[in-house]
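What follows is a set of notes on a single structure, which appears directly below.
The values are calculated or read from the model by the stated rules, or taken from the named source; none is laboratory data. What you see is a predicted model, and the numbers here were worked out from it, not measured in a lab. Cβ atoms come from the backbone with ideal geometry, glycine included; neighbour counts cover every protein chain shown.
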Amino acid sequence: MPAIQGKLVYTGKSVLEDAAIAWEGQALTGVGTAQADVVAEYPVITPAFVDPHCHIGLFRSGEPSAESEGNEHMDPMLAHADVLDSIQMDDESFQESIEAGVLYSCVLAGSGNIIGGDTAVIRNYGANTNAALIRRAGIKAAFGFNPMHVRDWKGVRPSTRMGAAAILRAKLHDVRQKMAREEASEEPALWTAEETILRKVLRRELKLRVHVHKEDDVATVLRFVDEFNLDITVEHTADVHTEAVYAELRDRGISVVYGPMDNLPSKIELKHESWRNIEALIASGVHFGMMTDHPVLFQRNLLLPLRWFLRAGLNKQQALEIITRQNAELVGVDDLVGTLEAGKWASFICWNGDPFSLESYPVAVYAEGELIYRDQR
């Protein structure tokens, strides 16, 4: 079986010196032990990167914005929409992501709709969307400014935060009442496609992945959690600037998909956005990962915002865990990727130097045991 030696190997849980990783077929067979069949040596090896929240393949490189497919304009509630139906794998951004070692994406619909539909965790190297799909990660929902400012779109559109919340509350209430009637009568009810999805949300069989930025909008989300007993992750929170908000999420067992960072705060609900907000995020102890929200931050740049986490006090291993192990956990693929250990996919990045140095870059990228990129310079 082949093996690759690294002077430094970040496993996603620890750092090993002069270690080898070996694999057979799709899966890793050993990490850290000496191997006889070493086919190459590199200064640094890391797990492949995972982006837990992006719109790659929807807002596509080199295509006019009128042809983007991140948001469906026909109705604010689209629980039965499937983002996989709009992803196009010929988006040039996929190749750039692969070259940067970002091999896995959780793609979500945009946040113009209150409920945007099913998500998809995909291989960025998939030949088509069927081959790319790994599994689902929940239903997209949106609170705050975004679903209230698209008033010229079709359907019944809210003009305020309370209007958007009222539409969602009414729909969840109706589905919950229908569930109660069905249970009381012991007769199966007829469910629409939308109701079928929302019933699973109310049963906590599906997670809501909730777009939210501001602290008071997080408070609204938590009222929904209490009222309807929802299983959620909060996604973005870029305007959250107090530790107490994150501490409450920690105490409730709610994870955060943070970001994006290093982009223009282009709306009022981001007036408190700052890289320094991550100090509250880290100090709270909440479970979190970091997104690109591609194309808001290009996915190929997923690694770059980690410099702020180093400045905030994390070491390099802890920072890399955010976009490997922690991101994989957040989208439910940590049994496959996110760390380098026996039994997981042989998906890793070989670097010509320290990933945190500007002159360093991936020189070889492996996905499920196959070399899918080699730098030719």
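List of remarks:
Matching residues to (1) surrounded by 14 or more Cβ atoms within 10 Å (Cβ to Cβ); (2) under 28 Å from Leu314 (Cα atoms):
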position	(1), (2)
Leu8	yes, yes
Lys13	yes, yes
Glu17	no, yes
Thr29	yes, no
Ala48	yes, yes
Gly62	no, no
Ser68	yes, no
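- In region 77-122, the qualifying residues are those that are touching an Asp or Glu at 6+ places or on another chain (Cβ under 7 Å) and of a type in the set (Val, Ile, Thr), and the one that is nearest to Phe145 (Cα to Cα) is Val83.
Conditions (1) at pLDDT 95 or above; (2) more than 24 Å from the chain's Cα centre (by Cα); (3) among the aromatic types (Phe, Trp, Tyr), marked per residue:
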site: Ala127; (1), (2), (3): yes, no, no
site: Ala137; (1), (2), (3): yes, no, no
site: Ala141; (1), (2), (3): yes, no, no
site: Gly144; (1), (2), (3): yes, no, no
site: Lys154; (1), (2), (3): yes, yes, no
site: Gly163; (1), (2), (3): yes, yes, no
site: His173; (1), (2), (3): yes, yes, no
site: Lys178; (1), (2), (3): yes, yes, no
site: Glu182; (1), (2), (3): no, yes, no
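- Of all the criteria given as (1) under 23 Å from Thr324 (Cβ atoms); (2) buried (at least 17 other Cβ atoms within 10 Å of the Cβ), the one not satisfied by Leu84 is (1).
- Every residue from region 256-269 that is touching a Phe, Trp or Tyr at 6+ places or on another chain (Cβ under 9 Å) and either part of a helix (DSSP H, G or I) or surrounded by 22 or more Cβ atoms within 10 Å (Cβ to Cβ) (or both): Val256, Val257, Tyr258, Met261, Ile268, Glu269
- Number of positions in region 259-313 that are in contact with an Asp or Glu (Cβ under 8 Å, 6 or more places away or on another chain) and either free of Cβ contacts under 8 Å to residues at least 12 places away in the same chain or outside the structural domain of Val107 (by TED's automatic domain parsing) (or both): 0
- Any chance Gly101 is in contact with a Phe, Trp or Tyr (Cβ under 7 Å, 6 or more places away or on another chain), buried (at least 19 other Cβ atoms within 10 Å of the Cβ) and assigned by TED's automatic domain parsing to the domain that holds His236: yes
- Test: residue in region 337-347 that is touching a Cys at 6+ places or on another chain (Cβ under 8 Å) and closer than 18 Å to Glu99 by Cα: no
- Ser61 being in contact with a helix residue (DSSP H, G or I) (Cβ under 6 Å, 6 or more places away or on another chain) and assigned by TED's automatic domain parsing to the domain that holds Glu321: yes
- When Glu194 is tested against (1) under 30 Å from Ser266 (Cα atoms); (2) in a helix (DSSP H, G or I); (3) not aliphatic (A, V, I, L, M), only condition (1) is not met.
- Residue count for region 106-156, restricted to those that are closer than 24 Å to Val218 by Cβ and touching a residue at least 24 places away in the same chain (Cβ under 8 Å): 26
- Among the residues of region 97-151, those identified as assigned to a loop (DSSP other than H, G, I, E, B) and among the hydrophobic types (A, V, I, L, M, F, W, C) are Ala100, Leu108, Ala109, Ile114, Ala127, Ala137, Phe143, Phe145, Val150.
- Hey, Asp293 more than 17 Å from the chain's Cα centre (by Cα) and part of a loop (DSSP other than H, G, I, E, B) or not: no
- In this entry, Glu235 passes the filter for residues that are surrounded by 24 or more Cβ atoms within 10 Å (Cβ to Cβ) and within 19 Å of the chain's Cα centre (by Cα).
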